[in-house]
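The values are calculated or read from the model by the stated rules, or taken from the named source; none is laboratory data. None of these values were measured; they are calculated from a predicted model. Heads up, the Cβs are rebuilt from the backbone with ideal geometry, glycines too, and the neighbour counts pull from every protein chain shown. With ligands, DNA and RNA removed, areas are computed over all heavy atoms of the protein, side chains included. Shrake-Rupley method; radii C 1.70, N 1.55, O 1.52, S 1.80 Å.
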Amino acid sequence: MIEYAVVGSGIGGSSIAAYLDAKGYETVLFEKEPYLGGCSSTFIHKGYRYNTGATTLAGYQEGHIVKNIFDEIGFKPELIATDPSIIIIQNGKRTPRYQKLEKFLEAVEHNYPHPKNREFWRLVYDIGQEFYAMHGQYYATSSRLKKYLSMASFFPLLFKFQRYLRINTLDFIKDFYGEISKEYMQFLESQVLIVAQAKLKEVNFFTAALSLGYTFNETHYVIGGMGKLFDGMTASMKQVRRKTQITTIESLDEHFVLHTNNECIEAKNIILNSTIYQSGKLFRNEKIKNYYKRYEKLNNYQSSFMLYMTIKSNKKFEHHYQLIEDKVFPHTLSNALFVSFSDESDNVISPQGCYSVTASIHTDLRWWENKADYRQKKEELEGILLKSVCDILDIKKEEIVHHMAASPKTFQRYINRSQLGGNAITMKNFLPKLPGNDTPIDGIYHVGDTVYAAQGWPGVMLGVDNLRRLLHV
Ligand SMILES: Cc1cc2nc3c(=O)[nH]c(=O)nc-3n(C[C@H](O)[C@H](O)[C@H](O)COP(=O)(O)OP(=O)(O)OC[C@H]3O[C@@H](n4cnc5c(N)ncnc54)[C@H](O)[C@@H]3O)c2cc1C
């Protein structure tokens, strides 16, 4: 019998599966799609290759979580360091997010001058550095006692950052800066949204500081597309089952039976990388279903609308842009678009002379459920976003070789989830309310961006690290 069946090959599933396999446990990784990586995969459509969602690798740095886990698996990715990590464009002003604080401050001061800028960004920087230097926290949820004991491991963190944990970021900014322009507020708002997945008024300043400050750490471009990370991580695994969807899971006395459309597989333990909102559907057992029901209220129905483009151009583009417009785009939750370009030397993801472009914006998945106007809305938004990207980045119509869009419905069809970006790290959704990597049901575990710790490479990998600690592996 298999020791660990891992369902789903996103960041969480692939990394825990590769880790367990490397440690000698019999592990099988199941993925519904032909491509590994879920939101962070790379897919091919009509011969064109695109990153599905994630485009930036954060946390691959000495002493940081992603590098630690890759090292344990024995995987060394092919990367290009990205500095500046993002160019933020707002009203024609370009603000590069340089890794060095002083260099970035110069750009901010030029575009959004304020006497308190230095003090503000120094604080953001210091909170990040102090946080990444802290170790020892873990989160267990399999019993109330274990949960309370694990919460004690956060006391040093809570004690150190208590001032910033209690206050929402909007109030903090008003207290700190006094009045600031609407433009600068939007600049801050849109950067927090892409990391914390929530608005300034919903998140405490500690979360906002980590979100605003992640670019002070190393960020990387992945050569060949993000999907290469998953192929690399799982390369020496003995059992990776692509195009294999787990449809139901039976819980028996001492083990589980996983069903696909044409076979049954027995496993002692299961690690689910499906979202906390979808996982309950895999079981018939009422006790297990009830466990998942209690987390339904965390679902914020937030998702992404995507624009994928291949462009042939002699112009030089940076890897990542955040384009901030004045008004919220129709059918979306935001006025900011995140746009990523492949590296001009990367001929794996895009033919020579071409760029593969992935652009995303926040939306509400419920707005895409009505069949009657779905097509029309999708085409309308695709056109609006295409125009915005082309106008701001000066891309001519004749340079566009191919483009297409994806809605929350598209994500549901391919990777079995329409809620994207994980659980927003709001003041309401903080520990101890967050689902854990262990559960009260023996043998069922979770990894991914809807359980501890958070979304994105570093957030999901913190959960993987937590799980290996809880499993004592
Ligand atoms: C538009 C967008 C842009 C982003 N940009 C970045 C970025 O630049 N950098 C960053 O760090 N993060 C980014 N993120 C966040 C990051 O991509 C996600 O938090 C992360 O990829 C989620 O990983 P996960 O482990 O939760 O797995 P998921 O990505 O949710 O993958 C789960 C996998 O499980 C499979 N699966 C589900 N159910 C079954 C089943 N029953 N049987 C078999 N397989 C199943 C799915 O097909 C899928 O492949 C972005 C997210 C989005 C949506």
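Here are a few things to note about the model shown:
- Complete set of residues in region 334-363 that are hydrophobic (A, V, I, L, M, F, W, C) and either outside any loop (DSSP other than H, G, I, E, B) or surrounded by fewer than 20 Cβ atoms within 10 Å (Cβ to Cβ) (or both): Ala336, Leu337, Phe338, Val339, Phe341, Val348, Cys354, Val357, Ala359, Ile361
- Qualifying residue in region 316-323 (condition: at pLDDT 95 or above, assigned to a loop (DSSP other than H, G, I, E, B) and open to solvent by less than 40 Å² (accessible area, probe 1.4 Å)): yes
- Single residue of region 427-445 satisfying the filter (within 16 Å of the ligand (Cβ to nearest atom) and within 19 Å of Lys199 (Cα to Cα)) that is modelled with the lowest pLDDT: Asn429
- Close contacts from region 33-59, counting a first residue that is in the same structural domain as Ser14 (by TED's automatic domain parsing) and basic (Lys, Arg) and a second that is modelled with pLDDT of 95 or more and within 11 Å of the ligand (Cβ to nearest atom), with Cβ to Cβ under 9 Å and a gap of 6+ residues or different chains, come to Arg49/Phe43; Arg49/Gly227.
- Qualifying residue in region 446-454 (condition: farther than 30 Å from Tyr138 by Cβ and either away from the ligand (no atom under 11 Å from the Cβ) or part of a helix (DSSP H, G or I) (or both)): no
- Residue within region 267-276 that is outside any loop (DSSP other than H, G, I, E, B), out of contact with any Phe, Trp or Tyr (no Cβ under 6 Å at 6 or more places or on another chain), within 20 Å of Thr52 (Cβ to Cβ) and open to solvent by 30 Å² or more (accessible area, probe 1.4 Å) present: no
- With respect to (1) within 9 Å of the ligand (Cβ to nearest atom); (2) crowded, with 24+ Cβ neighbours inside 10 Å, the lone exception for Leu467 is condition (1).
- Odd one out for Ile441, checked against (1) surrounded by 22 or more Cβ atoms within 10 Å (Cβ to Cβ); (2) part of a loop (DSSP other than H, G, I, E, B); (3) at negative phi: (1)
- Checked against the criteria, Ala372 counts as away from the ligand (no atom under 16 Å from the Cβ), over 30 Å from Ser153 (Cα atoms), of a type in the set (Gly, Ala, Ser) and in the same structural domain as Thr310 (by TED's automatic domain parsing).
This table checks each residue for (1) under 24 Å from Lys327 (Cβ atoms); (2) under 23 Å from the mean Cα position of the chain (by Cα); (3) outside any helix (DSSP H, G or I).
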residue	(1), (2), (3)
Leu123	no, no, no
Phe131	no, yes, no
Thr141	no, yes, yes
Ser150	no, no, no
Phe159	no, no, no
Ile173	yes, no, no
Phe176	no, no, no
Ser190	yes, yes, no
Leu212	yes, yes, no
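- Listed by first and then second residue, the pairs with beta-carbon distance under 8 Å, at least 6 apart or on different chains, first residue in region 436-456 and of a type in the set (Lys, Arg), second part of a loop (DSSP other than H, G, I, E, B) and away from the ligand (no atom under 16 Å from the Cβ), form an empty list.
- Taking region 99-121 as the range and being open to solvent by less than 70 Å² (accessible area, probe 1.4 Å) and in a loop (DSSP other than H, G, I, E, B) as the test, the residues that pass are Gln99, Tyr112, His114, Lys116.
- The requirement of being within 22 Å of Asn437 (Cβ to Cβ), touching a residue at least 24 places away in the same chain (Cβ under 8 Å) and not in a helix (DSSP H, G or I) is not satisfied by Lys243.
- Qualifying residue in region 179-192 (condition: over 23 Å from Ile86 (Cβ atoms) and open to solvent by 30 Å² or more (accessible area, probe 1.4 Å)): yes
- Among the residues here, Tyr295 qualifies as more than 14 Å from the ligand (Cβ to nearest atom), touching a residue at least 60 places away in the same chain (Cβ under 8 Å) and either open to solvent by less than 30 Å² (accessible area, probe 1.4 Å) or among the acidic types (Asp, Glu) (or both).
- Looking across region 122-148, the residues that are open to solvent by less than 40 Å² (accessible area, probe 1.4 Å) and either out of contact with any Pro (no Cβ under 9 Å at 6 or more places or on another chain) or of a type in the set (Asp, Glu) (or both) come down to Leu123, Val124, Ile127, Gly128, Ala140.
- Qualifying residue in region 450-458 (condition: among the polar types (S, T, N, Q), modelled with pLDDT of 95 or more and more than 18 Å from Ser9 (Cα to Cα)): no
- Restricting region 76-90 to residues that are more than 16 Å from the ligand (Cβ to nearest atom) and open to solvent by less than 30 Å² (accessible area, probe 1.4 Å), the residue that is nearest to Glu318 (Cα to Cα): Ile89
- Residue, nearest to the ligand (Cβ to nearest atom), within region 11-65, restricted to residues that are surrounded by fewer than 22 Cβ atoms within 10 Å (Cβ to Cβ) and on the phi > 0 side of the Ramachandran plot: Gly63
- Annotation: Asn68 fulfils all but one of (1) open to solvent by less than 40 Å² (accessible area, probe 1.4 Å); (2) within 19 Å of the chain's Cα centre (by Cα); the unmet one is (1).
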